[in-house]
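Okay, structure first, notes after.
Just so you know, all these numbers are worked out from the coordinates, no wet-lab data involved. What you see is a predicted model, and the numbers here were worked out from it, not measured in a lab. Counting neighbours? That spans all protein chains shown, and the Cβs are built from the backbone with ideal geometry, glycine included.
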Amino acid sequence: MDVNFNTVDTTRIYAEDPFVFSTKVSQLVYPSKNIFWRPPTVILVPADIFHFSYIGVPLIHHPIGASFLLTHKERLLKETFEEIIRLAPTGENVPAQVILVGPIGEGVESELKKHGFSTLRLGSGDVFQTAAEVAEFRLVTIPPEGELGKQHLIVASVDDGAEALPALYYTAHTGIPILFVYRNALPKETRRILERFSNRNVTLFGSGRSISKSVEREIESIVENVDRIDAETPAKLSVEFAMRPSSENQIGWGRNKRRGDAFSFGTVSSWQKTVAGVLLGHIGKHTPLLLIKSSDVPWVVKTYLLKLNPVLTEPPKPPFMHGFILGDFDDISQLTQVSLEEHLIKEAGD
């Protein structure tokens, strides 16, 4: 029996393997070589630990306008290579057709060069050094379009990536760099970037469980404005960040009116696929990420969707809501997808 991956108001990007999933997101966002938003470069990030993939996300945003793929650290998988070939990145106004972030093996780069692709390496096996180098590249070499990307920095915990997951879709949307700290210590490379860009606004992503008050105070001694986005759970944090308006001194999606919105729905447990979906925050519907569970939509997410659902008219007319479901049925069950449909469909808000 054929399985229906979609509902009226949800689109599921289905793949069991995170590397294949990454290519499917790229194909959805960049469906042809003939589109005017064809990417000039592809960002490759290793998928074994979360830090380097987080660091690479801000490089997506304009004026770079990159695609973004997870890669095996030591070898170029067939699916990944075929997607780079299909994309045929132009290399226009960027240093290279493929940008490798973090500790990606020489074999991957050699394979790309053998097939005629120019490459650029950013970073190393050191998380803090890589984040610092990418931040400098993003702020100095190719600054983001828009003032938000130029005026803000995001700080996340190196010890736990869950609370910073919602930040990623926003960094794809704005180009704001991500730096890392320990829960109880400020690494020297992170300090160096904060001192160099001390006039930037800094947003800490996560509670005191992830970034301690002592680290917050140390950062406050370096930069002019420090903000923190905190919540009891990653799901609640994702909702609060989606609702939160942006201003000169704070960042947020500002999705807080009944005007019809689209979201991406992912899980912490399948973080690789959730990260791989970040292109959906960059282009098209520019979706914030809302975190759910495989077998459950948290109450805070349900309530938020109902509050946003536009007023029903007769006959119904736009705007309508939509959701992207990130992963296979083990990542997010069909029943969970149906529950999301029940909260996204036009009649739900009334």
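Things to note:
- The chain - Rg and Dmax from Cα coordinates, angstrom: 19.5, 62
- Two-site label geometry, I85 and W37: point separation in nm, points 7 Å out along Cα→Cβ: 2.6 nm
- Total formal charge among the other residues, if their Cβ is under 13 angstrom from that of S269, Lys/Arg +1 and Asp/Glu -1: -2
- Relative packing of peptides 15-27, 251-263, 126-138 - highest average C-beta neighbours within 10 Å first: 126-138, 15-27, 251-263
- Computed [θ] at 222 nm, deg cm²/dmol, the chain (DSSP H ≥ 4; -39,500 (n - 2.57); rounded to nearest 500): -9500 deg cm²/dmol
- Using a Förster distance of 51 Å, the FRET efficiency for W299-H115 (Cβ separation, nearest 0.05): 0.55
- Max mean-square fluctuation residue, GNM over the chain, Cα-Cα springs under 10 Å, options T336, T141, T274: T141
- Of the beta bridges in the chain, as assigned by DSSP with both residues counted there, near 5 percent are antiparallel.
- Between D230 and E248, the simple label model (points 7 Å from Cα in the Cβ direction) yields a spacing of 2.6 nm.
- Local electrostatic count at S295 - Lys and Arg +1, Asp and Glu -1, tallied over other residues with Cβ under 11 Å: -2
- Residues in the range 159-164 carry Karplus couplings, in order, of 7, 7, x, 4, 6, 8 Hz; the curve used is 6.51 cos²θ - 1.76 cosθ + 1.60 with θ = phi - 60°, and Gly or Pro positions show x.
- 5 Å-binned pair-distance histogram of the range 18-124 (Cα, whole percent): 2, 13, 27, 28, 21, 7, 1
- Distances between placed amide hydrogens fall under 5 Å for V155 paired with L179, T203, L204, F205, all partners being 5 or more residues away or on another chain.
- Highest average first, the peptides 186-199, 304-317, 92-105 ordered by how many other beta carbon atoms sit within 10 Å of their residues are 92-105, 186-199, 304-317.
- Segment E147-R183, extension gain: residue separation times 0.36 nm, minus the distance between their alpha carbons: 10.0 nm
- Rh (Kirkwood; distinct C-alpha pairs) - the range 12-51, Å: 11.7 Å
- Peptide ranges 32-45, 172-185 listed from the most packed, as the mean C-beta count within 10 angstrom indicates: 172-185, 32-45
- Cα-only Debye scattering, the range 279-336: base-10 log of I(q)/I(0) at q = 0.12, 0.28, 0.29 Å⁻¹: -0.38, -1.19, -1.21
- With a cut-off of 9 Å between beta carbons, the residues surrounding V108 carry a summed charge of -2, where Lys and Arg count +1 and Asp and Glu -1.
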